[in-house]
Each structure stands twice: as C-alpha cells, then as structure tokens.
2 protein chains.
Amino acid sequence: MALEHAILVSLDERPGTGYELARRFDKSIGFFWAATHQQIYRTLKRMDDLGWVTAEEVAQDGRPDKKVYRVSPQGRQELQRWLEEAGEPATIRHDLSVKIRGASLGDPGKVADEVARHRGRHAERLDVYRAIEKKDFPDPSALHGRRLHQYLVLRGGIKAEEALLEWCDEVLVAMREDDRR
Amino acid sequence: MALEHAILVSLDERPGTGYELARRFDKSIGFFWAATHQQIYRTLKRMDDLGWVTAEEVAQDGRPDKKVYRVSPQGRQELQRWLEEAGEPATIRHDLSVKIRGASLGDPGKVADEVARHRGRHAERLDVYRAIEKKDFPDPSALHGRRLHQYLVLRGGIKAEEALLEWCDEVLVAMREDDRR
DNA sequence: GGCTGCTGTGCAACTAGTTGCATACTCCGA
DNA sequence: TCGGAGTATGCAACTAGTTGCACAGCAGCC
C-alpha cells in the first residue's frame, strides 16, 4: 500500500491537486514509484475517506476549478507509523530474465536484440539520472535532511541502472560469442 | 502476461504438475519470477483453455493422483512469438526508496534501521546466489546454450543484489553521519 | 465555430497479485 | 484412531495495476 504513502510524502512537501500529483508521478517520484492519474484519484478518494488528507475546493481564473489536497494530522500519523513498520524487499518479476532463460526455445539472436534494446533504455535513464545528479546535487557533502534523502534515492536509481547496464553488456558478449560456435 | 511464459519455459524443460511448478516458483524460477500456487493453477487453467498446454491425468501409488502438464505445439509457438516481441523495462515501485525520501517526516534513525534490515536480506540473497554460482557453474567459459542462459540470469541476480548492497551501505553511512550533526 | 492543447476530475472494465480457505489422498508415528 | 506432514488440486474475495473512456473549463488559433 505504498502509493498512499508516496502520495502523503509528496503532499507533505507541497499540497496539490490530483492533476499536479499525476504530473509529479510522471516525473520525479515516478522514478521510484509509478502511478497513473486514475490510480491517484482513486487513492486520494480513499485517503480522504480515511481522513488522511483534506480537500479544499479552489476557484481559479482562466482555468477550471481545482481541488487542493493537504496532509491531515491523521495522515501525518499514518505516515510516521508506516515509516517505522518493518518491511521486506519486494518479490521480483523480471520479464527480460524469463526471456534470457528461455532463449534457446526461440532464436537466441532475437533475444540478444531484445537485451540490446533494454540496454539502450537503461543507458538513457542513467543519463537522465546523472544529469539530475550533476545539476541538482553538485556538492553532496553539503547535503542534510530532506535534500540528502532526495539525493540518496537518486543514488539508488543510478546504482541500479549501472548494474543493469553492466549485466546487459555481459549478456550480450556471452550470447554473441555463443552464437558464433 | 509473463507468468504464462515463465510457465511455458519451465514446462518445456520438464513437464510437471501444478504442485511441482509451485515448488519451482518457490525456488529457482522464483528468483526472477515469483508466483503463488493459486496463481499458477489459475493460469494453467487459462493456458489449457488456450491450447498452450496439454494436461494428462496420472494415477500414483502412495500419493494422490496428479495432472501432468506439457507444452503443446501451440504453446511452443506462443513462446517463440513472445520471445521475439519487443518489450520495455518495467516501471519501478520501490518501497524503501519512498521511505528514504520521506525519512525526515518521521525518525530518520528508524528509517536507517529499515535500510539495515533490507541490507541484511539482500546480503543473504547474494550469498545464496554466489553459492549457486560456485556449485552449479564452476567453469562459465565452458557453458553453451541453455546452461549459459541459466548462468546469465543468475549473473543478473548477483549484479542486482551487489548494487543494492552498495547502495544500502552508502545510504547508511550518509544517514548516520547526518544524524550526528 | 471548431479544433487543439492545457488544466482538472473522474468512472469502468479487466487482469494480475495477495491472502484465506478448502478438499482429497497417503503415509507414518504416538 | 487420530493428528501431522507431504503431495495435489482448487475456489473466493479483495486489492492494485492497466487501459479505455468521458466530461468540463479555458485559451488560442485557423
């Protein structure tokens, strides 16, 4: 149930509308927790019912009316409860690994092409992360509190993408060589 | 829809019962594609309806009767189609990253404890993978085809766990120091 | 006026994952 | 005989993710 908590974290930093949240989940938060606008609205409704957020109708000029959500004291409480709750790493379901595992049941060369495509995507994403790191965190040793935490999450993304890149390279080399025998 | 394909890969290697598959998904395949027995039976039923597998009732001595599933020619075809289909890396939903991102809204020390717990789990898993690597693949350069593919999937697991360990260490060091100021 | 794009809010249908529950057969040990 | 464990097969209810669809307000442009 971490979407609720991801929403609480985001709203606590900055109150906003469902639409804004969807935008945030398309970008920054979306790097480590993805969510669609349909999901977000559904979840906001449930959170409102639970009293974790408050909703305020706001009329706008030149734009449609909007509903601004804020974290309630109860929501803050729930977030703190969750932060202290012991969790476990999630189980893995990795498409590409299934394809590599079954490559000999099809054309291994085609699977290698797929690995190369994924590698391209991961390389792109790593570039994005590194650009953000450089632009937003030029001096990591000067970071504290929330900014430090932000940086550390980004570091996780970078490390994950680096590992995937290395793996893809290892797979490509091995499969190309195997294909040559 | 990769559970169907993971099941096809597994059954193609070795026909088996729903129960056996559940055992395999608890162990070997489960490292890169997890599935419960409820899910597996539900999915097998659907695959049977689609004609991707055939089911043969087998009476046993000293055990209950069982239903052995095999990949059908259609199933083989579907698997090959899927192997050639272009896919994309899955979107990420990483609990621990949300917790780290929101650590300052609770007790960062408690979140650091959570990171340490996760680190422990990842270290355990890395040990398991390394033991398998050593025992099952003592000479990787001698591997071909299916065995090579198996090894490469394992390598992916190892690299992922290594990256997560390094990241957890980086997070723990940074948060402990931040906590000291 | 109509279309497009941006802002803004949803409902609906379906699938996949999770958890609980259940039944049956067989063997073995207390 | 009964209970527990292992083998074997499911159904059910609920939640979370995915995709499609829809409507509304407003501004700008052809």
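What's the magnitude of the charge dipole for the stretch A:2-84 around its Cα centre, counting Lys and Arg as +1 and Asp and Glu as -1 at the beta-carbon? Answer in Debye, nearest 20. Before the final figure, lay out the partial values.
Details: 13 positive and 13 negative charges, 37 e Å.
With Lys and Arg at +1 and Asp and Glu at -1, about 180 debye.
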Report summary line: For chain B, longest principal axis from Cα atoms; helix B:2-13 axis from its Cα atoms; angle between them, nearest 10 degrees, is 60
Report summary line: For the stretch B:1-92, shape from the Cα gyration tensor axes a ≥ b ≥ c, cut at a/c of 1.5 then a/b versus b/c, turns out oblate
Query raised in the report: Hey, what angle do you get for helix A:108-136 against the long axis of chain A, alpha-carbon based, 0 to 90 degrees rounded to 10?
Result: 40
Query raised in the report: Expressed as an acute angle from 0 to 90° and rounded to the nearest 10, what is the orientation of the C-alpha long axis of helix B:145-179 relative to the principal long axis of chain B?
Result: 20
Report task. Using a 1.4 angstrom probe on the protein heavy atoms only, line up A:Lys99, A:Lys159 by accessible area, largest first. Result -> A:Lys159, A:Lys99
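Which percent of the accessible heavy-atom area of the protein assembly as shown goes to carbon and sulfur, probe 1.4 angstrom? Don't jump to the answer; show the numbers that get you there.
Details: 9320 of 18990 Å².
Here carbon and sulfur together make up 49 percent of the probe-accessible area.
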Requested in this report: Taking the Cα centre of the protein assembly as shown as origin, work out the dipole magnitude from +1 charges on Lys and Arg Cβ and -1 charges on Asp and Glu Cβ, in debye rounded to 20.
Outcome: 120
Query raised in the report: How long is the protein assembly as shown along each principal axis, judged by its Cα atoms, biggest number first, in Å?
Result: 67, 46, 42
Query raised in the report: Using a 1.4 Å probe, how large is the accessible area of A:Tyr151, given in Å² and rounded to the nearest 10?
Result: 20
Query raised in the report: How many partner chain Cβ atoms sit within 10 Å of a residue's Cβ in peptide B:162-168, on average, as a whole number?
Result: 5
Requested in this report: Only residues of the stretch A:21-37 count here: report those whose backbone N is under 12 Å from the spot 7 Å along Cα→Cβ of A:Asp65, or say none.
Outcome: none
Query raised in the report: How long are the three semi-axes of the equivalent ellipsoid of the stretch A:71-139, in whole Å, if each is the root of 5 times an eigenvalue of the C-alpha gyration tensor, listed from largest down?
Result: 38, 23, 9
Report summary line: Evaluated at 25 °C and 0.890 mPa s, the Stokes-Einstein D of the stretch A:95-179 based on the Kirkwood radius over Cα pairs, in µm²/s, stands at 169
Report task. Mind telling me which of B:Gln39, B:Gln80, B:Gln60 comes out most flexible in a GNM of chain B, alpha-carbon contacts under 10 Å? Result -> B:Gln60
Report summary line: With a ≥ b ≥ c from the Cα gyration tensor eigenvalues, square-rooted, and the rule rounded for a/c under 1.5, otherwise prolate when a/b > b/c and oblate otherwise, chain A is prolate
**Report entry** Solvent exposure ordering (accessible area, 1.4 Å, most first) of B:Arg42, A:Arg130
**Finding:** B:Arg42, A:Arg130
Query raised in the report: lysines near B:Lys67 by alpha-carbon distance under 19 Å, same-chain residues fewer than 8 away left out - which ones?
Result: B:Lys45
Query raised in the report: Per-residue accessible area for B:Thr36 at 1.4 Å probe radius, Å² rounded to 10?
Result: 70
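In debye, nearest 20, what is the charge dipole magnitude of chain A about its Cα centre with +1 on Lys and Arg Cβ and -1 on Asp and Glu Cβ, if you could check?
Computed charge dipole of chain A: roughly 220 debye.
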**Report entry** Set of aspartates and glutamates near A:Lys159 by C-alpha distance (under 18 Å), chain-local residues within fewer than 8 positions excluded
**Finding:** A:Glu124, A:Asp127, A:Glu133, A:Asp136, A:Asp169, A:Glu170, B:Asp95, B:Glu161, B:Glu162, B:Glu166, B:Asp169, B:Glu170
Report summary line: Sorting B:His149, B:Pro64, B:Ala2 by the position of each Cα along the dipole of the protein assembly as shown (Lys, Arg +1; Asp, Glu -1; all at Cβ), the one nearest the positive end of that ordering is B:Pro64
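The values are calculated or read from the model by the stated rules, or taken from the named source; none is laboratory data. Quick caveat: nothing in here was measured; it's all calculated off a predicted structure. Because the Cβ atoms are built from the backbone with ideal geometry, glycine has one as well, and the counts that use them run over all protein chains shown. Please note that ligands, DNA and RNA were not included when accessible areas were found on the heavy atoms of the full protein model with its side chains. Shrake-Rupley method; radii C 1.70, N 1.55, O 1.52, S 1.80 Å.
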